[in-house]
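The structure appears right after this line, and notes come after that.
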Amino acid sequence: MRIVIAGSSGLIGTSLVASLRGRGHEVLRLVRRRPAAPDERGWNPPADRIDDDALAGADAVVNLCGAGVGDKRWTDARKQVLRDSRTVPTEVLASAVAEQGVPVLVNSSAIGYYGDTGPRAVDETAAPGSGFLADLCREWEAATAPARQAGARVVLLRTGVVISPSGGLFGKLKPLFSLFLGGRLGSGEQYVPWISLDDATTAIRFAIEQDGLRGPVNLTGPMPVTNAEFTAVVARVVGRPAPWVVPGFALKAALGGFAEEAVLTGQRAVPRALEDAGFPFLHPTLDSAVRAAVGA
């Protein structure tokens with residue numbers, strides 16, 4: 001298959017490119033600078049421009065674009081950056097998929113779509129939640145409309161916390177645990193919808209290849225845990241105590257809206273669509289995912 005990927009330089013994108021090529025697929029990477037390699041094609045989402053041959057003969061397009069949600073404090077300007085970095089590239093790609101007749105679009109979204117679900121388990125049939133992240137995810141997913149209306153099979157990846165040896169939230173937390181600075185956040189009762197990088201990568205490849213998979217897909221492991229449980233598992237695997245508690249008010253003061261919507265709240269999301277499609281999780285438990293990430 002010929003697969004075009006936008007956002008190929010990120011944590012998941014880098015892993016996905018290697019995985020697809022390892023399976024014998026041809027991968028083309030969309031870049032916003034001048035293309036400098038045979039596998040690169042240029043595009044400029046704000047200008048609504050993409051190289052004429054970028055999607056020629058493509059069997060699938062994967063869109064992983066989006067500025068880091070937790071990288072900076074949520075000012076009004078930052079929120080606009082988060083919107084534009086998602087909806088604008090998605091609109092450009094979805095329109096190009098429609099025009100070129102590409103049969104499959106696999107598009108990023110996030111588990112924040114559901115808002116704060118508390119202890120209630122949610123699958124892909126659950127209604128959207130409230131708040132900035134939930135609104136952002138709705139707009140992000142809605143931007144795929146041109147591809148869906150043209151008859152493409154559109155998969156919406158609602159991704160959780162990726163457990164990886166480096167990068168992502170776990171990559172930032174791991175050194176803290178090693179320095180005896182690990183601990184739960186706030187009450188610790190909020191759920192963490194996690195997935196290993198290996199499973200996230202393989203599930204995206206699965207979504208590309210499985211003709212029956214379409215619509216929202218929770219890219220999460222089958223056993224979500226609370227933040228307190230998450231902390232305990234990481235501490236046990238890395239062999240370090242995690243006695244600390246970061247109070248909610250301190251997180252709000254430091255991180256603002258991001259803390260309120262993405263750190264102190266969570267989603268007990270389950271991957272019903274993947275399970276129903278027969279996806280085999282390599283790391284079905286957090287313990288196995290963390291052990292793989294730290295090489296234990």
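Each reported figure results from applying straightforward, stated rules to the coordinates on display, with no laboratory input. Just so we're clear, the structure is a prediction, and the values are computed from it rather than from any experiment. Positions of Cβ are generated from backbone atoms using ideal geometry, with glycine treated the same way; all protein chains shown enter the neighbour counts.
Net charge near R214, counting Lys/Arg +1 and Asp/Glu -1 over other residues with Cβ under 10 Å of its Cβ? Could the numbers behind the result be given before it?
Values: positive: R148, R153; negative: D211.
Result for the local shell: +1.
Stretching the chain fully between A37 and T125 yields a gain of 27.5 nm (0.36 nm per residue, less the alpha carbon separation).
The simple spin-label model puts a point 7 Å past each Cα toward its Cβ; for R138 and S166 those points are separated by 4.0 nm. The packing ranking, built from the mean of other Cβ atoms within 10 Å per residue, places the peptides 79-88, 107-116 in the order 107-116, 79-88, highest first. In degrees from 0 to 90, rounded to the nearest 10, what is the angle of the helix 132-142 Cα long axis to the longest principal axis of the chain? It works out to around 20 degrees.
Among G182, G160, G24, which one shows the highest mean-square fluctuation when the chain is modelled as a Gaussian network with alpha-carbon springs under 10 Å? Highest fluctuation among the options: G24. Within the shell of other residues whose beta carbon sits under 14 angstrom from the beta carbon of Q100, the net charge comes to -3, with Lys and Arg scored +1 and Asp and Glu -1. Taking amide H positions as modeled 1.01 Å from N, with prolines and chain starts lacking one, the residues under 5 Å from R153 and 5 or more places away or on another chain are V104, L105.
In order along the stretch 50-64, the phi-based Karplus estimate (6.51 cos²θ - 1.76 cosθ + 1.60, θ = phi - 60°) of 3J(HN,Hα) comes to 8, 3, 4, 9, 4, 10, 4, x, 6, 8, 7, 10, 10, 10, 10 Hz; Gly and Pro are listed as x. Karplus-derived 3J(HN,Hα) values for the stretch 3-11, using 6.51 cos²θ - 1.76 cosθ + 1.60 with θ = phi - 60°, are 10, 9, 10, 9, x, 7, 8, x, 4 Hz; glycine and proline are entered as x.
Near the amide H of T226, within less than 5 Å, lie the amide hydrogens of V192, all on another chain or at least 5 residues away, with H placed in the peptide plane.
Taking packing as the residue-averaged number of other Cβ atoms within 10 angstrom, the listed peptides 202-209, 31-38, 263-270 run from highest to lowest as 263-270, 202-209, 31-38.
When you count the other C-beta atoms within 10 angstrom of each residue and take the mean per peptide, 66-77, 47-58 line up highest first as 47-58, 66-77. Taking label positions 7 Å along the Cα-Cβ direction at both L282 and A250, the computed distance is 3.6 nm, reported to one decimal.
Express as a percent, rounded to the nearest 5, the fraction of DSSP beta bridges in the stretch 2-294 (both residues included) that run antiparallel.
On the way: 4 of 39 bridges.
So the antiparallel bridges in the stretch 2-294 amount to around 10 percent.
Rounded to the nearest Å, what's the spacing between the alpha carbon centres of the stretch 1-75 and the stretch 147-162? Just the number, please. Cα centroid to Cα centroid, the span is 15 Å. The computed Cα Rg over 2.2 N^0.38 Å for the structure shown corresponds, within (i) 0.98; (ii) 1.08; (iii) 1.03, to (i). Estimated at 0.36 nm per residue, the fully extended path between D59 and S187 surpasses their Cα-Cα distance by 41.5 nm.
Divide by every residue of the chain the summed helix terms, -39500 (n - 2.57) for each DSSP H run of at least 4, and state the resulting mean residue ellipticity at 222 nm, rounded to the nearest 500 deg cm²/dmol. Each step should come with its number before you reach the end.
On the way: 10 runs with 111 residues, N = 296.
-11500 deg cm²/dmol, from helical runs alone.
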